[in-house]
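J.: Sharing a structure here in structure tokens format.
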Amino acid sequence: MTGMTTLGAGRDAAEPLRCPWGDTGDALMRAYHDVQWGKPCHDERELFEMLILEGAQAGLSWATLLHKRENYRAAFDGFDPAIIAAYGEDKAQALLQNPGIIRNRLKVSAAITNARAALKLGSLNDFLWSYVHGAPIVNHWEHTRDVPVTTPLSDRISRDLKKLGFKFVGSTIVYSYMQAVGLVNDHLAWCAFR
């Protein structure tokens, strides 16, 4: 297995092989890697949650967001788009004072805008999965360095989301989102959780 050379020295041989980013010793990252990342998601609320979290991650590490995920769920009313779409200036200001989330005005505003756009769209599930004809794209990367940060498909989905009024949906964010919700499976070829 060529990928084994990318793993850290001294790892427990009894542990299954994981993509290097999921094998850093961070329990939340490991659980996210093993259970959620790359697995097809069709739940509307989870699809919306991941879209907001991926946008909030811009410029930060995923571990930072993952460790704030429960705070986000509480602050953003369980990621219910109907509730978030109705947020006014008072709620936006309260979010900007919440130390449990990333207090960035543009990202908070984007979450509200995206909730409104998602409600107009109707179904993120139908919209997203139509791009891959209902089945995940399964890639066969051997090394993390081989995994792209954008693809022509993420470019297209990004453009289409922007036309629908979504914010913080650049192609890099969209590709990361596609990986997170299983539209694309980018677990390395030798990863036990592929």
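J.: In segment 39-92, which residues are among the hydroxyl-bearing types (Ser, Thr, Tyr) and in contact with a helix residue (DSSP H, G or I) (Cβ under 9 Å, 6 or more places away or on another chain)? Reasoning before the result, please.
T.: Kept after step one, since they are among the hydroxyl-bearing types (Ser, Thr, Tyr), are these residues of segment 39-92: 61, 64, 72, 87.
Once the filter is applied, which keeps residues that are among the hydroxyl-bearing types (Ser, Thr, Tyr) and in contact with a helix residue (DSSP H, G or I) (Cβ under 9 Å, 6 or more places away or on another chain), segment 39-92 yields Thr64, Tyr72, Tyr87.
J.: Answer yes if at least one residue in segment 118-128 is of a type in the set (Lys, Arg) and surrounded by 16 or more Cβ atoms within 10 Å (Cβ to Cβ), and no otherwise. Lay out the reasoning, then the answer.
T.: Step one: filter segment 118-128 for residues of a type in the set (Lys, Arg), giving 120.
So of that shortlist, the ones also surrounded by 16 or more Cβ atoms within 10 Å (Cβ to Cβ) come out as none.
So far as segment 118-128 goes, no, none of its residues is of a type in the set (Lys, Arg) and surrounded by 16 or more Cβ atoms within 10 Å (Cβ to Cβ).
J.: Which count do you get for residues in segment 78-94 that are under 18 Å from the mean Cα position of the chain (by Cα) and of a type outside the set (Gly, Ala, Ser)?
T.: Restricting attention to segment 78-94, the residues satisfying the condition of being under 18 Å from the mean Cα position of the chain (by Cα) are 78-81.
Right, trim to of a type outside the set (Gly, Ala, Ser) and you get 79-81.
The qualifying residues number 3.
J.: Let me ask you something else. Could you tell me whether segment 135-154 includes any residue that is surrounded by fewer than 13 Cβ atoms within 10 Å (Cβ to Cβ), small (Gly, Ala, Ser) and outside any helix (DSSP H, G or I)?
T.: yes
J.: Across segment 161-194, what is the total count of residues that are in contact with a strand residue (DSSP E or B) (Cβ under 7 Å, 6 or more places away or on another chain) and either among the basic types (Lys, Arg) or modelled with pLDDT under 95 (or both)?
T.: Count: 1.
J.: Pick from segment 170-179 the residues that are crowded, with 24+ Cβ neighbours inside 10 Å and among the hydrophobic types (A, V, I, L, M, F, W, C): which of them is nearest to Asn104 (Cα to Cα)?
T.: Looking at residues that are crowded, with 24+ Cβ neighbours inside 10 Å and among the hydrophobic types (A, V, I, L, M, F, W, C), I get Val174.
J.: Can you tell me which residue in segment 103-134 is modelled with the lowest pLDDT, limited to those that are more than 26 Å from Ser61 (Cβ to Cβ) and part of a loop (DSSP other than H, G, I, E, B)?
T.: Gly122
J.: Inspect segment 93-102 for any residue being polar (S, T, N, Q), outside any loop (DSSP other than H, G, I, E, B), out of contact with any Lys or Arg (no Cβ under 6 Å at 6 or more places or on another chain) and under 28 Å from Asp77 (Cα atoms) and give the result as yes or no. Give the derivation first.
T.: Kept after step one, since they are polar (S, T, N, Q), are these residues of segment 93-102: 93, 97-98.
Still in the list and also outside any loop (DSSP other than H, G, I, E, B): 93.
Then keep just the ones that are out of contact with any Lys or Arg (no Cβ under 6 Å at 6 or more places or on another chain); that gives 93.
Within this subset, residues satisfying the condition of being under 28 Å from Asp77 (Cα atoms) are 93.
Looking for residues that are polar (S, T, N, Q), outside any loop (DSSP other than H, G, I, E, B), out of contact with any Lys or Arg (no Cβ under 6 Å at 6 or more places or on another chain) and under 28 Å from Asp77 (Cα atoms), one finds at least one in segment 93-102, hence yes.
J.: Could you count how many residues in segment 159-194 are in a helix (DSSP H, G or I), aromatic (Phe, Trp, Tyr) and over 26 Å from Asp23 (Cβ atoms)? Lay out the reasoning, then the answer.
T.: If we filter segment 159-194 for residues that are in a helix (DSSP H, G or I), which is where we start, we get 159-163, 171-180.
Okay, now just the ones that are also aromatic (Phe, Trp, Tyr), so 175, 177.
With the extra rule that they be over 26 Å from Asp23 (Cβ atoms), the set shrinks to none.
The number of residues fulfilling the criteria is 0.
J.: Residue under question is Ala115, and the condition is that it be surrounded by 15 or more Cβ atoms within 10 Å (Cβ to Cβ), without any contact (Cβ under 8 Å) to a residue 40 or more places away in the chain and aliphatic (A, V, I, L, M); does it hold? Break it down stepwise before answering.
T.: Working: surrounded by 15 or more Cβ atoms within 10 Å (Cβ to Cβ): yes; without any contact (Cβ under 8 Å) to a residue 40 or more places away in the chain: no; aliphatic (A, V, I, L, M): yes.
Taking the combined requirement at face value, the residue does not satisfy it.
The values are calculated or read from the model by the stated rules, or taken from the named source; none is laboratory data. Here the structure is a predicted model, which is why all the values come from computation and not from measurement. So basically every Cβ, Gly included, is an ideal-geometry build from the backbone, and we count neighbours across all protein chains shown.
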